[in-house]
1. At pLDDT 95 or above, touching a strand residue (DSSP E or B) at 6+ places or on another chain (Cβ under 7 Å) and of a type in the set (Val, Ile, Thr), is that true of residue 42?
2. All but one of (1) free of Cβ contacts under 8 Å to residues at least 24 places away in the same chain; (2) crowded, with 24+ Cβ neighbours inside 10 Å hold for residue 193; which doesn't?
3. When you check residue 33 against the structure, is it in a helix (DSSP H, G or I), closer than 22 Å to residue 86 by Cβ and among the aliphatic types (A, V, I, L, M), yes or no?
4. Just checking, how many residues over the range 163-190 are without any contact (Cβ under 8 Å) to a residue 60 or more places away in the chain and among the small types (Gly, Ala, Ser)?
5. For the range 92-111, state whether one or more residues are among the acidic types (Asp, Glu) and closer than 24 Å to residue 144 by Cα.
6. What residue, among those in the range 163-183 that are polar (S, T, N, Q) and farther than 19 Å from residue 33 by Cα, is most open to solvent (accessible area, probe 1.4 Å)?
7. Quick one: would you say residue 45 is closer than 29 Å to residue 196 by Cβ and either open to solvent by less than 20 Å² (accessible area, probe 1.4 Å) or acidic (Asp, Glu) (or both)?
Amino acid sequence: MPNNSVKIEYGGGTNASNAPPIDYLINVFKPIIKRFGVDFEIDIERRGFYPQGNGIAHLIVPSIQNVKSIELVDRGQIETIHITSYSSGAVPISVAERMTKSCIYLIQKTFGENINIVQENIFFDRNQAWGTGTGINLYAITSTGCYLGGGCLGEKGVSAEKIGHRGAQSLINNIFSGGCVDEYLQDQLIIFMALAQGRSVIRSGSLTEHTRTAIHISETCAGAQFNVEECEDGTFLISCEGIGYENPHIN
């Protein structure tokens, strides 16, 4: 990364409830945000699981002059589905393996046995993670370069098979929404669309309240103008004429 990068150390939960895990930022958010001309690196020093937290991650973001506009309207076909199940502490690797097996069963039942699946089961030792935790992360890559995510965090008293099933179902729901972005990514792109130079368009499934709120805040604070159009197939086209913000600290 260049010398004018911003470097931040974060502490807390890397894989927690009610929020996309840090793996989502790396596997789904990052490749799409790079289309805006924005890049970053995340070094996970130690994972932290709900409810203990205590994870440590280092974020490096290089400064840029401006944000590019993007167009994500053609979802294409699902080419590959990546599955990573993990465990740590008192949860053995066999739990991760059972989650993966259950997840694959539902994915193949839904899309057929010929769907291309890349799987990995990981056990994080005490140097890699704080405390006990488990979960499953998934993302799909399409023929047009779209990324859709899903997953589920392990819960005490809930079987590995059910967690794997929930993780698979969350990805399946996002795929069946027909959008080029999933339910978690759509609101995260709004601020970049507002700041970009030129007109950006993305196709999403049903708009979440987070997305509606992000649009309202971006229009109010940045002065950008958004338009949301519902299509016949049930998807939504979110378009924005960005304000073309320029970084005043870069000549």
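The values are calculated or read from the model by the stated rules, or taken from the named source; none is laboratory data. Computed from a prediction, not measured in an experiment: that's the story for all the values here. A quick note on method: Cβ atoms are made from the backbone with ideal geometry, for glycine too, and the neighbour counts reach across all protein chains shown. Keep in mind that these areas ignore ligands, DNA and RNA; they rest on the heavy atoms of the full protein, side chains included. Shrake-Rupley method; radii C 1.70, N 1.55, O 1.52, S 1.80 Å.
1. Yes, satisfied.
2. (1)
3. no
4. Our first condition is that a residue be without any contact (Cβ under 8 Å) to a residue 60 or more places away in the chain; within the range 163-190, this holds for 166, 170, 173-174, 176-177, 183, 186-187, 190.
Narrowing the set further to residues that are among the small types (Gly, Ala, Ser) leaves 170, 177.
Selection size over the range 163-190: 2.
5. The answer is no; no qualifying residue exists.
6. Residues of the range 163-183 polar (S, T, N, Q): 169-170, 173-174, 177.
Imposing the further condition that a residue be farther than 19 Å from residue 33 by Cα reduces the set to 169-170, 173, 177.
Working: 169: 65, 170: 19, 173: 87, 177: 38 Å².
Once the filter is applied, the top-ranked residue is 173.
7. It is false that residue 45 is closer than 29 Å to residue 196 by Cβ and either open to solvent by less than 20 Å² (accessible area, probe 1.4 Å) or acidic (Asp, Glu) (or both).
Residues are listed down the side, and each one gets a yes or a no for (1) among the basic types (Lys, Arg); (2) in a helix (DSSP H, G or I); (3) open to solvent by less than 70 Å² (accessible area, probe 1.4 Å); (4) more than 21 Å from residue 38 (Cα to Cα):
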| residue | (1), (2), (3), (4) |
| --- | --- |
| 202 | no, no, yes, no |
| 207 | no, no, yes, yes |
| 214 | no, yes, yes, no |
| 218 | no, yes, yes, no |
| 228 | no, no, yes, yes |
